[in-house]
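What follows is a set of notes on a single structure, which appears directly below.
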Amino acid sequence: MKRFLSITLVMLMILNRQYSYAQPGTFKVQGAGTVEGIATENISVTLLKASDSSLVKTEQTNKQGAYVFANIPGGTYIISLTGIAYHTAYSPSFLVDKDVTIAVIDLQPTSKRLTDVIVTARKSYIEMKADKIVVNVDASPANAGSTALEVLEKAPGVTVDKDGNILLKGRQGVQVYIDGKPSYVTGSDLANMLRGMSASQLDQLEVMTNPPAKYDAAGNTGIINIKTKKSKMVGLNGSVNASYGQGVYPKANSGFTANYRKNKLNVFSSFNYAYRGGFQKFEVNRNVLNRNTNAVSFVFRQQSYMPDTRKSATGKIGLDYDFDERTSASISLNAFNTKMTFDANSQNKIFDHTGDLQTINEGRTYMTPNVTNLGSNVNLAHKLDTTGTELVFNADYIDYTDKHKQYFYNNFFDNNRNRIGNGDTVLGNLPSGFKVYAAKIDFSKPLNNKSSKFEMGAKASYVTSDNNVRFDSIINSLRVLDVKRTNHFIYKENVYAAYLNFNSPLTKKLSVQAGLRYEYTDGRGHSITRNTTFTNQYGQLFPTVYFSYTANEKNNFNLNYGRRITRPQYRDLNPFIFIIDQYTSQEGNPYLQPQFSHNIEMSHSFKNTVTTSLSYAKVNNVIAENIENTSGTKEARLIKRNIASLNQLTLSVNVYKPINKWLTLSLNNSLFHNRFQGRLTDTTVKVAAFVGNFFATLQMKIKKGWDAEINGFYNTRNLNGLSQVSAMGMFSMAASKQVLENKGKVTLNIRDPFALQRYRDVSRYGTVDASLQSNWDNRVVTLSFTYKFGKTINNKKRSAGSATEEQGRIGA
């Protein structure tokens, strides 16, 4: 804590020095622009030298029509205003030897107005940028009717495993943001939330493999930011959408976005409801070995079929308000609720070491999770001067609850199917909750005529988690407390952080950005039932550095390095036992430590068409889920441990190439080598594999508003912790038609028409050899409709919330 306070004090001293920074010999030029006499936002304003009309600077008018050019050297200049369908207007030449205010400049329309012309801009599906990859969701007709999770698994370098865990470059630990703020949950809970979100709610996906120091250091593999749609219109406007899909079970969703903007006030809202029926089919085989002889003791075979339903509702409401041209505020409230039912029927057969059938267990597992997420954010932004110096404050509050109930019914038979005993019934009540309080402040100041920038900030967060798990057995028609499985666990955690960041050009072609972030963690857990406590306190530094070199107009090179952390999920620290079935359970580990990674990446972009990158990552204290056999029994437990180190080398090639006016090809390919090495109990772990991820999209722009697309991905054999995952792939195709004067669109999408997407994995270590096969309701035909209205204008960006990392760790 003392170290954190010392770093913060040093930053405040730097802030004081930076804020007093001035540029002598420069002046301010300001004025206003109007369109046919009306003050208008986002008019393009250009400052030109009077001698040769060469460009000096460009700006845009604010909502009052005003503009400001800061730090202008003395001399003679001209100002021009431009707008589509308007004549360019110029000011008279003027001398700058002091601060100057220019008379109002008015734009007048050209003789041919475009009032009756609708211009439809078509973005590319994949955009390669220096610091991230951008996926424009609406640019792919095949996304219509899909869920957010299905869109995400097609992003470059992203894969989704059988449990919905999101991997980037073959590694777990990615942080998922929504609108620059936390995704609230991780693991299966995050997957359930993304399955409840329609692709029609999404605007873009941003994939950042090495974020700068301004972001939380959490996330070994980087950040995926899911940007939802926020209408960029004046007046009252919005959009509506609806879709229906049919696989084995039906899937439907509908929703709207609404926006009202007038003068200084902007109010926005959205809502979506989704119903998805589906199923999962599992086949699990486990060979349990004798610890001393390594021979097979018994064999476990399980087959399960689990139909499921998800009813999800997501909503958001908020407002932005500009007090003046320097000060603005915003507040937003969002809510998510999903009610799920999982009704699994399974048959478990147990064989002895010779292969003879011993017993049969037929069971039913019925689960009803009911998850609610409530979040709020307050944002205040103030520009301290005309050069762009800005101070931004964010405060967040998140309340997550899961009213989760489980019912287990089991009957036992011998090898001749004669019933053994009266069966077994277990009832579970697993309410859990998380509350997150977070606040951060960010300061930024442009330097050297805005060619350089200095940033600093600090953050504090407090998280409290309460899990009160109770299991009861039914014995002789009486409900009896299961003491071994019942547990009340409370976890509290404080994280304090501070950062510095600076970027500047070194030459005309070379620029650098460097940052340093410090985070101090104080975590405390208390198992009330077991009367045990633990604490975990640590502070770490996280440096980042980026170099960018523009060789010429065709070639750009980037080199970056960063150190990052992945803390355990809150639930994974809870030592309670979660029943999966009669022979399988999941247990938390309060002794889990965070995992740390060093990431370095080199990339080259050619003509903004082909981007090639080579990266290396070293991860220590890797957190992975392990299957362990309880000694002397047929039960297995899943538990996460810090088991190994990981070395990963990755080569990525991304291509975006228009073949002609109507055909465009996108290729996103990654090849990487993973090597795990460490020890698990008394077993040495050494696992290595080459892995490839390949994604291709072929988009066709057909006349009269028709679009078509074929896309597909293929993932080679992979490593998920200690499990070896088999190859998997699929393809989809879609066609869409613009209707209702190009304001509406109808899309037909066929996903995985041949049901190719299946999951298989094998793990062999310790005393358990296990394999899993799974398939689900993935072959779906969907018809969707969207309708938009309003006039598009530029919209102001809002900063990310303050509870990013904490919300990302809520989950199971």
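The values are calculated or read from the model by the stated rules, or taken from the named source; none is laboratory data. As the structure is a computational prediction, the values presented were derived from the model and not from experiment. When we count neighbours, we look across all protein chains shown, and the Cβ atoms used for this are built from the backbone with ideal geometry, even at glycine. Heavy atoms of the whole protein, side chains included, go into the accessibility calculation; ligands, DNA and RNA do not. Shrake-Rupley method; radii C 1.70, N 1.55, O 1.52, S 1.80 Å.
Miscellaneous remarks
- Among the residues of the range 473-510, those identified as out of contact with any strand residue (DSSP E or B) (no Cβ under 7 Å at 6 or more places or on another chain), open to solvent by 100 Å² or more (accessible area, probe 1.4 Å) and not in a strand (DSSP E or B) are Asn476, Ser477, Val483, Lys484, Lys508.
- Residue match in the range 583-600 (condition: of a type in the set (Ser, Thr, Tyr) and touching a helix residue (DSSP H, G or I) at 6+ places or on another chain (Cβ under 7 Å)): no
- Within the range 638-660, residues that are of a type in the set (Gly, Ala, Ser) have Cβ atoms under 6 Å from residues that are open to solvent by 50 Å² or more (accessible area, probe 1.4 Å) in these pairs: Ala644/Gln677; Ser645/Asn620; Ser645/Gln677, counting only partners at least 6 apart in sequence or on another chain.
- The one condition in (1) surrounded by 20 or more Cβ atoms within 10 Å (Cβ to Cβ); (2) within 30 Å of Arg326 (Cα to Cα); (3) under 22 Å from the mean Cα position of the chain (by Cα) that Gly457 fails to fulfil: (3)
- Selection from the range 369-384 of residues that are touching a residue at least 40 places away in the same chain (Cβ under 8 Å) and surrounded by fewer than 19 Cβ atoms within 10 Å (Cβ to Cβ): Leu374, Ser376, Val378, Leu380, His382, Lys383, Leu384
- In a residue-by-residue description of the range 565-588, the property of being open to solvent by less than 50 Å² (accessible area, probe 1.4 Å) and over 30 Å from Met367 (Cβ atoms) applies to at least one position.
- Which listed residue, of Ser432, Ser451, Ser465, is among the hydroxyl-bearing types (Ser, Thr, Tyr) and under 22 Å from Asp216 (Cα atoms): Ser465
- Qualifying positions in the range 191-218 - more than 20 Å from Asn143 (Cβ to Cβ) and in a loop (DSSP other than H, G, I, E, B): Thr209, Asn210, Pro211, Pro212, Ala213, Lys214, Tyr215, Asp216, Ala217
- Of the strands (runs of 3 or more DSSP E) lying entirely inside the range 33-92, none contains at least 2 residues that are hydrophobic (A, V, I, L, M, F, W, C), open to solvent by 30 Å² or more (accessible area, probe 1.4 Å) and closer than 15 Å to Gln108 by Cβ.
- Matching residues, the range 249-291, being hydroxyl-bearing (Ser, Thr, Tyr) and part of a strand (DSSP E or B): Ser254, Thr257, Tyr260, Ser269, Ser270, Tyr273, Tyr275
- For the range 511-524, a residue qualifies if it is of a type outside the set (Lys, Arg) and open to solvent by less than 70 Å² (accessible area, probe 1.4 Å), and the qualifying residues are Ser511, Val512, Gln513, Ala514, Gly515, Tyr518, Glu519, Tyr520, Thr521, Asp522, Gly523.
- Scope the range 219-238; condition surrounded by fewer than 23 Cβ atoms within 10 Å (Cβ to Cβ), part of a strand (DSSP E or B) and either at pLDDT 85 or above or within 23 Å of the chain's Cα centre (by Cα) (or both); matching residues: Lys227, Thr228
- Test: residue in the range 417-426 that is modelled with pLDDT under 90, within 18 Å of Asp343 (Cβ to Cβ) and among the β-branched types (Val, Ile, Thr): yes
Listed here are the residues, each with its yes/no results for (1) in a loop (DSSP other than H, G, I, E, B); (2) touching a Cys at 6+ places or on another chain (Cβ under 9 Å); (3) modelled with pLDDT of 85 or more; (4) under 27 Å from Ala50 (Cβ atoms).
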position: Ala103; (1), (2), (3), (4): yes, no, yes, yes
position: Asp106; (1), (2), (3), (4): no, no, yes, yes
position: Ile118; (1), (2), (3), (4): yes, no, no, no
position: Ser124; (1), (2), (3), (4): yes, no, no, no
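- Some residue of the range 315-338 being under 25 Å from Ile420 (Cα atoms), under 36 Å from the mean Cα position of the chain (by Cα) and at pLDDT 90 or above: no
- Scan of the range 396-454 for residues that are part of a strand (DSSP E or B), among the polar types (S, T, N, Q), farther than 21 Å from Asn574 by Cβ and open to solvent by 40 Å² or more (accessible area, probe 1.4 Å), ordered by number: Asn411, Asn422
- Which listed residue is open to solvent by less than 20 Å² (accessible area, probe 1.4 Å), among the small types (Gly, Ala, Ser) and under 30 Å from Lys657 (Cβ atoms), from Ser603, Ser527, Ser615, Ser597: Ser615
- Single residue of Val469, Val463 found to be under 27 Å from the mean Cα position of the chain (by Cα), of a type in the set (Val, Ile, Thr) and surrounded by 16 or more Cβ atoms within 10 Å (Cβ to Cβ): Val463
The rows are residues; the columns are (1) out of contact with any Leu (no Cβ under 9 Å at 6 or more places or on another chain); (2) in a strand (DSSP E or B); (3) not aliphatic (A, V, I, L, M).
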| position | (1), (2), (3) |
| --- | --- |
| Phe547 | no, yes, yes |
| Phe557 | yes, yes, yes |
| Arg564 | yes, yes, yes |
| Asp572 | no, no, yes |
| Tyr591 | no, no, yes |
| Glu601 | no, yes, yes |
| Leu614 | no, yes, no |
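- The one condition in (1) open to solvent by 30 Å² or more (accessible area, probe 1.4 Å); (2) closer than 18 Å to Asn574 by Cα that Tyr546 fails to fulfil: (2)
- Any chance Glu628 is over 24 Å from Phe731 (Cβ atoms), at pLDDT below 80 and in contact with a Lys or Arg (Cβ under 9 Å, 6 or more places away or on another chain): yes
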